[in-house]
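Below is one structure, written out as C-alpha cells; the observations come after it.
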Amino acid sequence: MLTRQQLDQLRRDIVFETQLVGRPFVFHSTWGLFSPREIDEGTRLLLEQVEVEAADDCLDLGCGYGPIGLALAALAPAGRTLMVDKDFVAVEFSNLNARLNHLPNASAQLSDGFRHIDAGLRFDLIASNIPAKVGKEALSLYLHDGRQRLKPGGRLYVVTINGLREFMKRNLTEVFGNYDKLKQGAHYTVALALRD
C-alpha cells in the first residue's frame with residue numbers, strides 16, 4: 001500500500017528538460033500521457049527529419065503534452081502552430097508547456113482527429129506521432145482529412161512503429177499519390193507525403 005506521501009509525489013507534475021531542434025525545452029507532464037518522463041524515440045526521429053519554414057502554419061495531430069508542436073512552433077516563429085488531442089489533460093499540459101517555453105505562436109485545443117478543428121483552417125505542415133492502437137479506420141480518416149487540410153504544396157510527416165510501415169506506404173500513396181520514407185530506425189519509420 002502506498003503512503004500518503006508517495007501518492008502526493010505521484011500527483012505532482014513530472015518535469016524534465018531536454019533539447020529538441022537545437023534548443024532547450026522544459027516539459028511538464030503527468031502519468032497517463034504518452035512517454036511522460038522523456039521524449040520518445042519516434043518523436044525524436046520525426047523531429048530530426050522535419051523541414052519547417054519560418055512562416056509555416058503547422059498542426060500537431062495527437063499532441064500529448066506538446067513536444068512535436070512546440071518544436072514546430074520554435075522553428076516557425078512567424079507562423080501559427082495548432083496542437084490537438086482528444087485528451088483534455090494533454091491539451092492542458094500542451095498549453096502550459098507553450099507558456100513555459102515562451103512560444104506564444106502555439107496553442108492547443110481538444111479535437112478528435114480533425115473533427116473539432118475550425119473548418120476554414122489550412123496548414124503548410126501537419127506532423128503526427130501516430131499511435132498504432134488507434135486502428136486502421138482512424139488512420140485512414142487522419143490521412144484523408146489531413147490531405148484536405150493541407151495547403152497546396154503542404155507536407156504531412158508521420159512517424160509510426162515499423163509494423164505499420166507498409167500500411168502507411170500503401171495508404172499515403174493512395175491518398176496523396178506519393179510517399180517518401182525519410183528514415184527507418186530500429187523501431188520507428190518517418191514518412192512524408194506532399195499535397196499537390
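If you check Val52 against the conditions, is it farther than 21 Å from Val91 by Cβ and in contact (Cβ under 8 Å) with a residue 60 or more places away in the chain? Give the steps one after another, and end with the answer.
Details: farther than 21 Å from Val91 by Cβ: yes; in contact (Cβ under 8 Å) with a residue 60 or more places away in the chain: yes.
Yes, satisfied.
How about the stretch 112-133: which of its residues are within 16 Å of the chain's Cα centre (by Cα) and either within 23 Å of Leu194 (Cβ to Cβ) or surrounded by 14 or more Cβ atoms within 10 Å (Cβ to Cβ) (or both)?
Scanning the stretch 112-133 gives Gly113, Phe114, Ile117, Phe123, Asp124, Leu125, Ile126, Ala127, Ser128, Asn129, Ile130, Pro131.
Which of (1) part of a loop (DSSP other than H, G, I, E, B); (2) surrounded by fewer than 23 Cβ atoms within 10 Å (Cβ to Cβ); (3) touching a helix residue (DSSP H, G or I) at 6+ places or on another chain (Cβ under 6 Å) is the odd one out, the single condition Thr43 does not satisfy?
Thr43 satisfies every listed condition except (1).
Do any residues in the stretch 150-167 that are closer than 22 Å to Glu51 by Cβ have Cβ atoms under 9 Å from those of residues that are part of a strand (DSSP E or B) and of a type in the set (Lys, Arg), where the two are at least six apart or on different chains, and which pairs are they?
Val159/Lys183; Arg165/Lys181
Considering only the stretch 92-104, state which residues are out of contact with any His (no Cβ under 7 Å at 6 or more places or on another chain), surrounded by 18 or more Cβ atoms within 10 Å (Cβ to Cβ) and either over 14 Å from Gly64 (Cβ atoms) or in contact (Cβ under 8 Å) with a residue 40 or more places away in the chain (or both).
The answer is Asn101, Leu103.
What number of residues within the stretch 118-153 are farther than 16 Å from Gly79 by Cβ and among the hydrophobic types (A, V, I, L, M, F, W, C)?
8
With the requirement that a residue be assigned to a loop (DSSP other than H, G, I, E, B), among the aliphatic types (A, V, I, L, M) and within 13 Å of the chain's Cα centre (by Cα), what does the stretch 46-71 give you?
Val50
List every residue pair whose Cβ atoms lie under 6 Å apart, where the two residues are 6 or more positions apart in sequence or sit on different chains, the first residue falls within the stretch 1-29 and is under 30 Å from Leu45 (Cβ atoms) and surrounded by 12 or more Cβ atoms within 10 Å (Cβ to Cβ), and the second residue, located anywhere, is modelled with pLDDT of 95 or more and among the basic types (Lys, Arg).
Ile14/Arg37
Of all strands (runs of 3 or more DSSP E) completely enclosed by the stretch 127-196, which ones contain at least 3 residues that are touching a Phe, Trp or Tyr at 6+ places or on another chain (Cβ under 9 Å) and over 20 Å from Leu45 (Cβ atoms)?
Values: elements: 150-161, 180-184, 188-194.
Strands (runs of 3 or more DSSP E) meeting the threshold: 150-161.
The rows are residues; the columns are (1) of a type in the set (A, V, I, L, M); (2) more than 24 Å from Leu182 (Cα to Cα).
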| residue | (1), (2) |
| --- | --- |
| Ser35 | no, no |
| Asp60 | no, no |
| Leu70 | yes, no |
| Ala78 | yes, yes |
| Asp85 | no, yes |
| Ala108 | yes, yes |
| Asp112 | no, yes |
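The values are calculated or read from the model by the stated rules, or taken from the named source; none is laboratory data. Because the structure is predicted, anything quoted here is derived from the model rather than measured. Counting neighbours? That spans all protein chains shown, and the Cβs are built from the backbone with ideal geometry, glycine included.
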